[in-house]
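Just so you know, all these numbers are worked out from the coordinates, no wet-lab data involved. Predicted model only: the values in this text are computed from it and were never measured. A quick note on method: Cβ atoms are made from the backbone with ideal geometry, for glycine too, and the neighbour counts reach across all protein chains shown.
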Amino acid sequence: MLKKYLNFKRPLTELIGKTLIGVVQTKTTLILMFSIFSLTNCVETFDIPPEVDETVLSATLIIEATITNELKRQKILLSRPSNFDVVNDLDSIYDPRFPEIPKEPNFNYEENAQVSVVDNRGNEYEFVETSPGTYLSNDNFAAEKDVPYTLNVLTDKGTSYVSSAESFSSVGQIEELYAERDFNVDGEEGVFIYLDGGSTNTSDKYYRYTYEESYKIIAPEWSEEDFVLTNYDPCALPTVTYDLEIVKRENEEGKVCYKTDYSNTILQNSTVGLQENRAVGFPVRFLNRNNYIISHRYSILVKQYLQSVDAYNYYRTLESFGSSENIFSTVQPGLLIGNIKSENEGNAQVVGYFEVASVTEKRVYFNYEDLFPEEVLPAYAVNCFPFSPPLEHPSYCYTGEINWPCPISILEGVNVNLFAYYGENTEGIGACPGPYLVTFRACSDCTVLGDSAIPDFWED
């Protein structure tokens, strides 16, 4: 359960949610302008009054929609804001204390919608909901050059949305993708991922980048033995009952794992004012030398999207919302321009941009020792040290007075998959020492943080 939440893939939804949440929290009048980039340049506006409640913004439909020239099942994401409390980033690291408690997203999935994309030649590509709020095209298809496409969304409550017709006219290229050891502007040493690339078309001046980074994880305290807990009754009286065995693992699963994370920021570049429509040494990613994900082998796949000026401005404005401490700052990023509107409900609020873009990609690998030879590896994601809590604990159902000064027991930790076997406690370690030394599960089993299956693309 934990891994799917750590691999969160809706950064734009989260960023849009923060924008709208900021509006509610300030309780200040704001005019959001939604523009359809057409020949008429029609602009729709709606006011959010000072007395607005959360239900106003929770009705706003958020649409993430980019189709590309890649032959694949294209994806559309639909959601609505839900959590108007302080927003925490969904990108998290493993918390060994609570391995089964993921952070919940700050949005509701928009389910049971009818989604389709049509082109100007009468072709219609229907989408099916494969998971809550995620819609994939029924068939693989690739957007074609100079062919206009339009997005249509019909919610289960009957509200219809349509985008302006969008297209792309050329395909760029990534010439080189490379890693270099360097210092960032804050004086931190690490690894920069640089990109050289762009387009030979003189009209292409706007670019957006995303990446998928994959890395090898090696459990530092993997052991051939582990606990197996059965017949555990924490409420048994007068004392808890259980069977706890130390057994040999059948294989080496959990010793070496792999994890893929996805970029969660908006990264754009413009070549306006440059002699060539290409970037040289554009920094896509910086990794601090102490980041554990580069401890062994690391790979990054970078995608470059050619954008229209309208799409570029939309994402730039969206980024300013997310980066501003107060959306009513001096710059006031209060103008969010999109190309989607409601057809049958004029006051239906929607945030999003339907983008049709060409995309190119390139992947690079490196090992830590390639850039930091003979240097100490970064610390693991979890502080791995052996410790010894008590084996048992008082019955949960005991009704008398209990004076129990000891920490969580081995039984409790093993039961929630928090503790793993480390060894015998022969030296009486711990304030309430038990018979065994334990460590956090993530230290002994890397599947807590990743997956033991080697990715299809992986190269050692």
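When ranked by the protection proxy of mean other Cβ atoms within 10 Å per residue, highest first, what sequence do the peptides 110-118, 138-146 form?
So the order, starting with the most tightly packed, is 110-118, 138-146.
Once you list every other residue whose beta carbon is under 12 Å from the beta carbon of Ser137, what net charge do they have if Lys and Arg are +1 and Asp and Glu are -1?
-2
By a straight-distance test (C-alpha under 19 Å), which aspartates and glutamates pair with Lys145 as possible cross-link partners, with residues fewer than eight away in the same chain excluded?
In chain and number order, the partners are Glu70, Asp119, Glu124, Glu166, Asp204, Asp310, Glu355, Glu361.
Skipping prolines and chain starts, which residues have an amide H placed within reach, meaning under 5 Å, of the one on Ser82, given they are 5 or more residues away or on another chain?
Sorted by chain and number, the residues that satisfy this are Phe107, Asn108.
Rounded, prolate or oblate: which fits segment 130-228 when a ≥ b ≥ c are the square roots of the eigenvalues of the alpha-carbon gyration tensor, with rounded for a/c under 1.5 and prolate only if a/b beats b/c?
oblate
Sort 188-199, 402-413 for me by packing, meaning the mean count of neighbouring Cβ atoms within 10 Å per residue, highest on top.
Packing order, densest peptide first, comes out as 188-199, 402-413.
When the dipole is taken about the Cα centre of segment 389-460, and only Lys, Arg (+1) and Asp, Glu (-1) are charged at their Cβ, what size is it in debye, to the nearest 20?
With Lys and Arg at +1 and Asp and Glu at -1, about 360 debye.
Could you quote the convex hull projected area for segment 189-319, Cα atoms only and averaged over all directions, in nm²?
Its average projected convex-hull area is 14.1 nm².
Could you run the Karplus curve 6.51 cos²θ - 1.76 cosθ + 1.60 with θ = phi - 60° over segment 377-384 and give me ³J(HN,Hα) per residue in whole Hz, x for Gly and Pro?
Running phi through 6.51 cos²θ - 1.76 cosθ + 1.60 with θ = phi - 60° gives 5, x, 5, 5, 4, 10, 6, 9 Hz.
Which of rounded, prolate or oblate describes segment 335-427 when judged by the alpha-carbon gyration tensor and an a/c cut-off of 1.5?
oblate
Tell me which residues come under 5 Å, amide H to amide H, from Glu225 once H is placed; ignore anything under 5 positions away on its chain.
Arg249
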